[in-house]
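Before any comments, here is the structure.
The values are calculated or read from the model by the stated rules, or taken from the named source; none is laboratory data. None of these values were measured; they are calculated from a predicted model. With ideal geometry, Cβ positions are generated from the backbone for all residues, glycine too; neighbour counts draw on all protein chains shown.
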Amino acid sequence: MKKKVVLIQDNEDILEIMDKVLEDEGFDVTSSLNTEPIEEISEIDPDVVVVDEHIQGDKKGTEVIEDLKTDPDTEELPAVLTSTSMDLPKKASQCKADDYIQKPFDLDHMVDVVRKNADGSVTDTMDS
């Protein structure tokens, strides 16, 4: 059974590339430029959520992840923050993200991080 990924990014080109690469790697991807999939999170039932810090809408990616991590229904859902920010490790830690992907990123690294988190074998990479 395919692992499900909710992918929310701020840039359509990056969204399309990430979506295609993850689909090619065997993931079932729900991708969006806004937080609409978060409103349907229980119906989608993803294995991992990947959110960019600078998404469209009222909330930043860190706020979306923080909301997921403080909701008993989604607190165990692995969440990965993406950003070009130099203080991404700190932001990811503060919002309780399970992992992060620094932009620009290597596609193989992105797939590895998504796969590791989707498989539930999360190791705390933020302290290393």
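Quick one: is LYS91 touching a residue at least 24 places away in the same chain (Cβ under 8 Å) and either part of a loop (DSSP other than H, G, I, E, B) or of a type in the set (Asp, Glu) (or both)?
Answer is no for this residue.
Have a look at ASP52, ASP119 and point out the one that is under 14 Å from the mean Cα position of the chain (by Cα), of a type in the set (Asp, Glu) and surrounded by 18 or more Cβ atoms within 10 Å (Cβ to Cβ).
One residue alone meets the criteria, ASP52.
May I ask you to list pairs of residues, at least six apart or on different chains, whose Cβ atoms are under 8 Å apart, with the first in the range 20-41 being among the charged types (D, E, K, R) and the second being part of a loop (DSSP other than H, G, I, E, B)?
The qualifying pairs are ASP28/LYS2; ASP28/LYS3.
Any residue that is on the phi > 0 side of the Ramachandran plot and either in a helix (DSSP H, G or I) or at pLDDT below 95 (or both) - is there at least one of those in the range 97-112?
no
Select from the range 84-104 the residues that are within 20 Å of PRO46 (Cβ to Cβ) and not aliphatic (A, V, I, L, M) and write down the one among them that is surrounded by the fewest Cβ atoms within 10 Å (Cβ to Cβ).
LYS96
For the structure I just gave you, tell me whether LEU68 is assigned to a helix (DSSP H, G or I) and buried (at least 17 other Cβ atoms within 10 Å of the Cβ).
Answer is yes for this residue.
Checking ASP71 against (1) touching a Ser or Thr at 6+ places or on another chain (Cβ under 9 Å); (2) acidic (Asp, Glu); (3) farther than 22 Å from GLN102 by Cβ: exactly one of these is not met. Which one?
Single failed check for ASP71: (1).
Which of the residues spanning the range 71-83 are crowded, with 21+ Cβ neighbours inside 10 Å and either in a loop (DSSP other than H, G, I, E, B) or without any contact (Cβ under 8 Å) to a residue 60 or more places away in the chain (or both)?
The answer is PRO78, ALA79, VAL80, LEU81, SER83.
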